[in-house]
1. Would you confirm whether or not the stretch 266-278 contains a residue that is closer than 14 Å to ALA309 by Cβ, under 22 Å from the mean Cα position of the chain (by Cα) and not aliphatic (A, V, I, L, M)?
2. Within the stretch 248-277, how many residues are on the phi > 0 side of the Ramachandran plot and not in a loop (DSSP other than H, G, I, E, B)?
3. Looking at the stretch 300-356, which of its residues are open to solvent by 30 Å² or more (accessible area, probe 1.4 Å), over 30 Å from ASP225 (Cα atoms) and among the small types (Gly, Ala, Ser)?
4. So which of GLU289, GLU321, GLU279 is within 18 Å of ARG196 (Cβ to Cβ) and acidic (Asp, Glu)?
5. Which of the residues belonging to the stretch 152-193 are of a type in the set (A, V, I, L, M, F, W, C), surrounded by fewer than 20 Cβ atoms within 10 Å (Cβ to Cβ) and closer than 21 Å to GLY78 by Cα?
6. Checking GLU251 against (1) open to solvent by less than 20 Å² (accessible area, probe 1.4 Å); (2) over 25 Å from ASP75 (Cα atoms); (3) among the acidic types (Asp, Glu): exactly one of these is not met. Which one?
7. Inside the stretch 218-247, can you point out the residues that are outside any strand (DSSP E or B) and of a type in the set (S, T, N, Q)?
8. I'm told GLY226 meets every condition in (1) of a type outside the set (A, V, I, L, M, F, W, C); (2) open to solvent by 50 Å² or more (accessible area, probe 1.4 Å); (3) on the phi < 0 side of the Ramachandran plot; (4) at pLDDT below 95 except one. Can you identify the failing condition by its number?
Amino acid sequence: MSKYNKQIVVTVLASSLLLSGCGLFNAEEAAKEIDPPQDVTITEEGSKVETENGAEDVKADQAEETVTSQLYLIDKSGFVVPHSMNLPKTDSVAKQSLEYLVEGGPVSNMLPNGFRAVLPADTQVLGVNIKDGIAVADFSKEFNNYKKEDEAKILQAITWTLTQFDKVEKVKIWVNGHEQKEMPVNSTPIQDGVSRVDGINHDSTDVVDITNTKPLTVYYMAESDGQPYYVPVTKRISNDETDPIVSAVKELTKGPSPSLGLMSDFQDGVDLLSAPKYEDGKVTLDFNESIYGSFDEEQKIISSDVLNALVLTLTEQEGIESVAVTVNGKAELINENGEKLTEPVTRPTEVNTGSF
């Protein structure tokens, strides 16, 4: 399958994209290894590329391979958001992913509209050492040159960018070879490492007693230049909630807090008809007809945005690899492209790929 842009490139390994109108069914399993098989984009040999001196032939030794990484950037509303980008292939993908978080660095010409890099300008990534599930990210002294209000976002962006790799569970921060037990500007605790369990884009709206709650991350939607994208939000739910799958579905159907300015495609009345079924990494959810939303129930079509939010949210939970959806116990669903949804959905390799 070929995909051409101004440089005439060919995508060798295609992956399903999380874009408006593109469902997750048929999406490939998420990339989880430190150097996993990735999307490889190669400039096609024998094609023409435009240069300052006119069109030139592309030779074999000019072909450039790329890998797809999820970079956590800050959007116009201040949310830390994953964005999948094709980066030059390297043996140090973890270190490279942090280098692309630096303001004024190589990511500058790739940033979607309204997004910005999170690390202070001129910050150098001195190294990323991964051992026993902990990634130690060592930065130059320029790392300390950030605004107080950006501290939590920076820590979240580093943590979620590195924990996309299967071998990384926690992240520690060093500066010039010295371990930081807390962030240098506003003293956000790091201690023995920060993980995804610590959350991202925290929302404590309407929480009276935070000590009697636990974190739960769900995905809502935002929009830029008419293109939707997905934003992870960590909410606080009662410790009395015993089933995290049910809790996640409940928060998705309830929708985001109005103060966040985010959106949800779940319609009123959506409800689970029975307890979720979990087996060998697969969760099966049985909904009532309200899951169809604005679509005709007789057509049995489910919104791609609803499916995307469900899969992204639930595959954040440990042990969940795929999600199957039924309505009134029947698996006769169709996506917006008219395709039958006969297989459970795995987390996509690419999240938020639009240029916005």
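1. Looking through the stretch 266-278, at least one residue is closer than 14 Å to ALA309 by Cβ, under 22 Å from the mean Cα position of the chain (by Cα) and not aliphatic (A, V, I, L, M).
2. Applying the first criterion (on the phi > 0 side of the Ramachandran plot) to the stretch 248-277 yields 255, 261, 269.
Imposing the further condition that a residue be not in a loop (DSSP other than H, G, I, E, B) reduces the set to none.
Final tally of qualifying residues: 0.
3. GLY319, GLY329, ALA331
4. Details: GLU289 fails: within 18 Å of ARG196 (Cβ to Cβ); GLU279 fails: within 18 Å of ARG196 (Cβ to Cβ).
Just one listed residue meets the conditions, GLU321.
5. If the condition is that a residue be of a type in the set (A, V, I, L, M, F, W, C), surrounded by fewer than 20 Cβ atoms within 10 Å (Cβ to Cβ) and closer than 21 Å to GLY78 by Cα, then ALA152, VAL185 are the ones that fit.
6. (2)
7. ASN239, THR242, SER247
8. Exception for GLY226: condition (3).
The values are calculated or read from the model by the stated rules, or taken from the named source; none is laboratory data. Given the structure is predicted, the values throughout are model-derived calculations rather than measurements. Positions of Cβ are backbone-derived with ideal geometry, glycine not excepted, and every protein chain shown enters the neighbour counts. Surface areas here come from the heavy atoms of the whole protein model, side chains and all, with no ligands, DNA or RNA. Shrake-Rupley method; radii C 1.70, N 1.55, O 1.52, S 1.80 Å.
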